[in-house]
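Working notes, structure below.
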Amino acid sequence: MSAAQFLEHSFVSDEVWDLHPDYVVVLLVVEGLQGGESDQRSEALLVKAEASAAELLAAMPIEEVPEVQIWREKFLSFGVKPRVAKSSSEALLKRCAAGMPRVNMLTDLYNAVSVINMVPIGGEDFDSYVGSARLVVADGSELFDTRDNGETVNESPEPGEIVWRDDDGITCRRWNWRQCVRTRLTEETTNAVFIFDGVGECARERVESAAAQLSEKLREWWPDVVISSKELSRS
């Protein structure tokens, strides 16, 4: 499937739109990458993100950060309390004091942009997708491959949980909580898809800012990349 076809056929279900009409989402497909291990460039960006988090949390406790509050409300809407699961941006923000994970160039890059903008971002291997991406309300029968004690296992979501999926199963549980093993970014990834989630006040501005920052860095690090983007909207 081409990038254009992928973006054309990706969607948010009407059920999700009905429940969360304030939701904003932008997808980027990036082709022609040459990923690799974490390096000085990704390290510098992570350090910048950690400093941004320190400044934010010096001004207020994490539970009072507006972007944290609104995502906690969204998770509670399908029965998930903060002690059970958090948005990916809150989870990263919480880890900043001890140091964000250093994974690989691409993952480090989007994690840093996520913290700087307080926008949940999913980064996945485009070539591992089967069909298009869609955000749906799970019925509980879907499969999600994850790691447990070092082994890949399949588990199903709770009925009513909001999930990203493709033709082959769930790619991310609880909206933006945890991604599957199958589509994760690796040091060998050459084509990627990034998902930017926004809710609440100024969601569109924050999502667009994060997407622009990520695109700028991608072009700086890999000048020959081809980037295609689309904001998903209700048909």
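Considering only the stretch 2-31, state which residues are surrounded by 14 or more Cβ atoms within 10 Å (Cβ to Cβ) and not in a strand (DSSP E or B). Let's see the steps before the verdict.
Step one: filter the stretch 2-31 for residues surrounded by 14 or more Cβ atoms within 10 Å (Cβ to Cβ), giving 3, 6-7, 10-13, 16-17, 19-20, 23-31.
Within the stretch 2-31, 3, 6, 7, 10, 13, 16, 17, 19, 20, 23 qualify.
Please list, ordered by first then second residue, the pairs with beta carbon atoms under 7 Å, 6 or more apart or interchain, first in the stretch 10-39 and farther than 18 Å from residue 129 by Cα and in contact (Cβ under 8 Å) with a residue 24 or more places away in the chain, second crowded, with 20+ Cβ neighbours inside 10 Å and among the acidic types (Asp, Glu).
Listed pairs, sorted by first residue: 25/197; 38/108.
What about residue 44, is it touching a residue at least 60 places away in the same chain (Cβ under 8 Å) and more than 30 Å from residue 160 (Cβ to Cβ)? Give the derivation first.
Details: touching a residue at least 60 places away in the same chain (Cβ under 8 Å): no; more than 30 Å from residue 160 (Cβ to Cβ): yes.
Answer is no for this residue.
Which residue pairs have Cβ atoms closer than 7 Å, lie 6 or more positions apart in sequence or on different chains, and pair a first residue in the stretch 148-160 that is of a type in the set (D, E, K, R) with a second residue that is modelled with pLDDT of 75 or more?
Pairs that qualify, where the first residue is of a type in the set (D, E, K, R) and the partner is modelled with pLDDT of 75 or more, are 155/144; 155/146; 158/79; 158/140.
Sort out which residues of the stretch 90-140 are closer than 15 Å to residue 182 by Cα and surrounded by fewer than 19 Cβ atoms within 10 Å (Cβ to Cβ), and write them in order of number.
Residues satisfying the conditions are 127, 130, 131, 132.
Any residue at all in the stretch 72-88 that is out of contact with any helix residue (DSSP H, G or I) (no Cβ under 9 Å at 6 or more places or on another chain), assigned to a strand (DSSP E or B) and of a type in the set (D, E, K, R)?
No, the conditions are met nowhere in the stretch 72-88.
Could you give every pair whose Cβ atoms fall below 7 Å, whose first residue belongs to the stretch 93-118 and is over 24 Å from residue 202 (Cβ atoms), and whose second residue is of a type in the set (Ser, Thr, Tyr) and part of a loop (DSSP other than H, G, I, E, B), counting only separations of at least 6 or pairs across chains?
Cβ pairs passing all conditions: 102/38; 103/38; 104/38; 104/186; 105/38; 106/189; 108/38.
Assuming residue 187 fulfils every condition listed in (1) over 22 Å from residue 76 (Cα atoms); (2) surrounded by fewer than 16 Cβ atoms within 10 Å (Cβ to Cβ); (3) in contact with a strand residue (DSSP E or B) (Cβ under 9 Å, 6 or more places away or on another chain) apart from one, which condition is it?
Looking at each condition in turn, residue 187 falls short on (3).
Taking residue 131 and the conditions (1) at positive phi; (2) in contact with a helix residue (DSSP H, G or I) (Cβ under 9 Å, 6 or more places away or on another chain); (3) at pLDDT below 95, which numbered condition does it fall short on, given that it satisfies the others?
Among (1) at positive phi; (2) in contact with a helix residue (DSSP H, G or I) (Cβ under 9 Å, 6 or more places away or on another chain); (3) at pLDDT below 95, the lone unmet condition for residue 131 is (3).
Check 164, 175 and return the single one that is in contact with a Phe, Trp or Tyr (Cβ under 8 Å, 6 or more places away or on another chain), at positive phi, at pLDDT 95 or above and not polar (S, T, N, Q).
Numbers: 164 fails: at positive phi.
Residue meeting the stated conditions: 175.
The values are calculated or read from the model by the stated rules, or taken from the named source; none is laboratory data. Because the structure is predicted, anything quoted here is derived from the model rather than measured. Don't worry about glycine lacking a Cβ; one is built from the backbone with ideal geometry, like all the others, and counts go over all protein chains shown.
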